[in-house]
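First the structure, in the form of structure tokens, and then the observations on it.
The values are calculated or read from the model by the stated rules, or taken from the named source; none is laboratory data. Everything numeric in this text was worked out from a predicted model, so none of it was measured. Note that we place each Cβ from the backbone using ideal geometry, even for glycine, and neighbour counts take in every protein chain shown. All accessible areas refer to the heavy atoms of the entire protein, side chains included, with ligands and DNA or RNA removed. Shrake-Rupley method; radii C 1.70, N 1.55, O 1.52, S 1.80 Å.
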Amino acid sequence: MKLKQLESMLGQLQQFSNPKVELEQYPTGPHIASRMLYTAENSFGDVNNKIVADFGCGCGTLGAAASLMGAEQVIGIDIDSESLEIASLNAEDLELDINFIQCDIRNLVWRGPIVDTAVMNPPFGTRSKGADMDFLSVALKIASRAVYSLHKTSTREHVKRAALRDFGASSAELRFDVPRLYKFHKKREMDIAVDLWRFAPKTNQGN
Amino acid sequence: MRLFTHNMLSSNIKGVANGFPLRIEAEQVLEKQVDFNPDFLRNLFPKLEWKALVDGARALGYAELPEAADSSMLESEEFLRKVHHALLELHLEEGALTCPETGRKFPVNKGIPNMLLHEDEGPWFGSRSAQMQPSILEMTFSSFKQETSLQLPGSLVSQMLVRITGKQ
């Protein structure tokens with residue numbers, strides 16, 4: 001699938017009708033979502049025929065992008081039932097087959113690193129401090145190939161250190177495939193500059 | 001919820017040593033066709049918990065899987081199609097998943113399992129939020145207030161509560 005086509009399809013998705021501020025609910029725009037998954041597949045082969053988990057899936061944009069880029073199975077996980085309802089409808093609208101689980105990511109217990117790739121646009125912790133690092137920590141435990149995540153540019157050094165030193169990542173790469181990524185991609189003066197990261201977990205067995 | 005998901009999901013209640021696999025109680029099961037992808041199944045097979053899949057399939061009304069399986073069987077298309085059907089085409093739409101240790105039921109509605117924990121089941125101070133779980137505090141505080149009828153500053157009350165309840 002071409003990038004423009006992917007972006008256009010994601011633009012059709014329904015978003016939060018009543019976003020909950022305490023959960024930091026805001027849509028992952030089609031611009032950023034399409035580029036994340038397009039990069040993941042075309043630069044690294046992390047999506048096609050793979051098992052992909054969308055952490056904090058919200059209305060399911062990243063999961064839908066993964067599915068459209070050829071993921072064999074996609075699992076969307078979110079704490080909020082209203083978001084999951086919208087995500088289910090979105091999957092139906094695009095005729096995508098996505099598995100959903102309602103769970104607090106910090107309490108997610110998975111049998112092992114069976115998922116290939118985790119993708120996420122995590123809450124940054126404006127409401128509950130360090131939330132994005134909690135998400136990253138869990139993701140690196142359950143993904144066997146790669147974790148793609150967005151973090152504030154202002155926390156760049158901290159993110160790299162935590163991933164490599166504390167969360168078991170074997171590599172932490174910044175992706176500049178989209179120049180000047182912004183969370184909302186509008187209203188640049190008020191927007192938050194974000195980095196797209198690709199982390200690879202340490203694995204005992206080969207990929 | 002597919003057995004594919006069930007095969008990876010564990011009970012997340014604090015203190016549970018072995019929360020896998022969750023027992024399935026099926027109220028409504030649907031079958032939805034999925035394209036057969038034998039390569040995907042062959043790659044996935046070594047990562048599966050076979051017994052959990054067999055028992056799960058039986059709970060959803062499908063008893064065709066052999067009790068034991070090894071990788072030599074992956075050469076048989078007939079076997080792969082059974083795995084495909086059990087793992088990907090059966091959906092638990094309504095029902096529950098039960099923690100094997102505590103018996104606690106996690107509901108499944110519209111195919112989505114709800115693994116949210118109640119206050120007393122999850123890590124109270126594992127998360128980074130500053131708030132203590134309010135319910136125990138409130139209960140202890142209100143009974144404390146009744147006993148003593150003292151007006152105490154909040155911080156002193158919390159310290160006293162820690163000593164009384166023994167919880168940090």
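Other residues within the sphere of radius under 11 Å centred on the Cβ of B:Gly122, judged by their own Cβ, net out at -2 (K and R +1, D and E -1). For A:Gly76, the residues whose amide H sits under 5 Å from its own are A:Asp54, A:Asn99, A:Phe100, A:Ile101, ignoring neighbours fewer than 5 places away on the same chain, with H placed 1.01 Å from N.
Apply 1/(1 + (r/R0)^6) to the Cβ-Cβ distance of B:Glu27 and B:Glu67, taking R0 = 30 Å, and write down the FRET efficiency to the nearest 0.05. Once the sixth-power term is evaluated, E becomes 0.70.
Over 22 Å apart at the Cα level, from the set B:Lys32/B:Lys110; A:Lys141/B:Lys51; B:Lys14/B:Lys105, are A:Lys141/B:Lys51. Apply 1/(1 + (r/R0)^6) to the Cβ-Cβ distance of B:Lys110 and A:Lys202, taking R0 = 30 Å, and write down the FRET efficiency to the nearest 0.05. For R0 = 30 Å, the calculated efficiency reads 0.20. Burial of accessible area (probe 1.4 Å, heavy atoms of protein chains only) in the stretch A:100-145, relative to its chain alone, reaches at least 50 Å² for A:Ile101, A:Gln102, A:Asn107, A:Val109, A:Arg111, A:Ile114.
Placing pseudo-labels 7 Å out from each Cα toward the beta carbon at B:Phe36 and B:Glu75 gives an inter-label distance of 1.8 nm. Taking only the alpha carbons of the stretch A:3-204, we obtain Rg and Dmax values of 15.2, 45 Å in that order.
Ligands, DNA and RNA aside, A:Thr153 has an accessible area near 50 Å² when probed at 1.4 Å. Each part gets one Cα centre, and for the stretch A:129-155 versus the stretch B:1-72 those centres are 28 Å apart.
Site pair A:Ile192 and A:Leu94 shows an inter-label distance of 2.3 nm when each label is modelled 7 Å from Cα along Cα→Cβ.
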